[in-house]
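Have a look at the structure below before the remarks.
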């Protein structure tokens, strides 16, 4: 997990670092933390998918935290933002750009303990990979990039948004996909077909409609289970 702190007040930055250090030691977790003293400095070094979480002070010299977060959202919409401020004036705007939390200064350990667990769990899930053999190469595919896995003739196809990887039938489908089923995002929707609910858009005509337009057939036997799981997943994670 990689965290950015964008805070122009040295004492506030030091205080937050101390809280994070104590919290992470208590849960035996060791993230990378980068500190920036301005929105401009942060944006100058920003790349897509580099940070999982940003603590963003709103009132800073130069570009303020809200505008910095808006630029971040355009470059990396999946990065979570926790705003730090002494005033709730920007609350509505914070939710508009998918602010994860809004912490009033001085930040407390209680606030950190409430805000971080789900972020850390997401980061741990994102770091998980599926190990496969394809064309005599061993590949490690992040769970987060897998949209669905399907059997096709004598092969197994691992699909992402626009492409798929073919795996030889020497690897059994059940053995290959077993690690995925320990992740809450993945669900067996029919025999030889597992979908990542993170990329599912709706259920239509007995199919799971994916965000890229692919229609994945749901078996009649699993119809009720898939429908319940899809609704629950959308409610809990979106």
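Quick check: the angle from helix 109-126's long axis to the longest principal axis of the chain, C-alpha only, nearest 10 degrees? The helix 109-126 is inclined about 30 degrees to the chain.
The stretch between residue 43 and residue 171 holds 41.7 nm of extra length on full extension. This uses 0.36 nm per residue minus the Cα-Cα distance.
I'd like the FRET efficiency for residue 135 and residue 15, computed as 1/(1 + (r/R0)^6) with the beta carbon distance as r and R0 of 30 Å, rounded to 0.05. Computed FRET efficiency for residue 135 and residue 15: 0.05. Distances between every pair of Cα atoms in region 129-237, grouped in 10 Å steps from 0 to the bin holding the largest one, split as 14, 50, 30, 6, 0 percent. The separation of region 125-149 from region 1-63, counted between C-alpha centres, amounts to 30 Å. Modelled label positions at residue 70 and residue 234, each set 7 Å beyond Cα in the direction of Cβ, lie 3.0 nm from each other. Each helix, a run of at least 4 DSSP H residues, gives -39500 (n - 2.57); summed and divided by the residues of the chain, these come to -10000 deg cm²/dmol at 222 nm. By the gyration tensor of its Cα atoms, with a ≥ b ≥ c the square roots of the eigenvalues, what is the shape of region 185-224: rounded for a/c under 1.5, prolate for a/b over b/c, or oblate? It comes out oblate by the Cα gyration axes. Among the listed values (1) -0.39, -0.49, -0.79, -1.10; (2) -0.30, -0.39, -0.70, -1.25; (3) -0.31, -0.39, -0.68, -1.10, the one matching log10 I(q)/I(0) by the Debye sum over Cα atoms at q = 0.08, 0.09, 0.12, 0.16 Å⁻¹ as calculated from this structure is (1). Is region 2-126 best put as rounded, prolate or oblate by its Cα gyration tensor, with a ≥ b ≥ c the root eigenvalues, rounded for a/c under 1.5, and otherwise prolate when a/b is larger than b/c, oblate when not? Cα axes put region 2-126 in the rounded bin.
Readers should treat all values here as calculations from the given coordinates under stated rules, not as data from a laboratory. In this text the structure is predicted, and so the values were computed from the model without any measurement. As a convention, Cβ positions derive from the backbone with ideal geometry for all residues, glycine included, and neighbour counts pool all protein chains shown.
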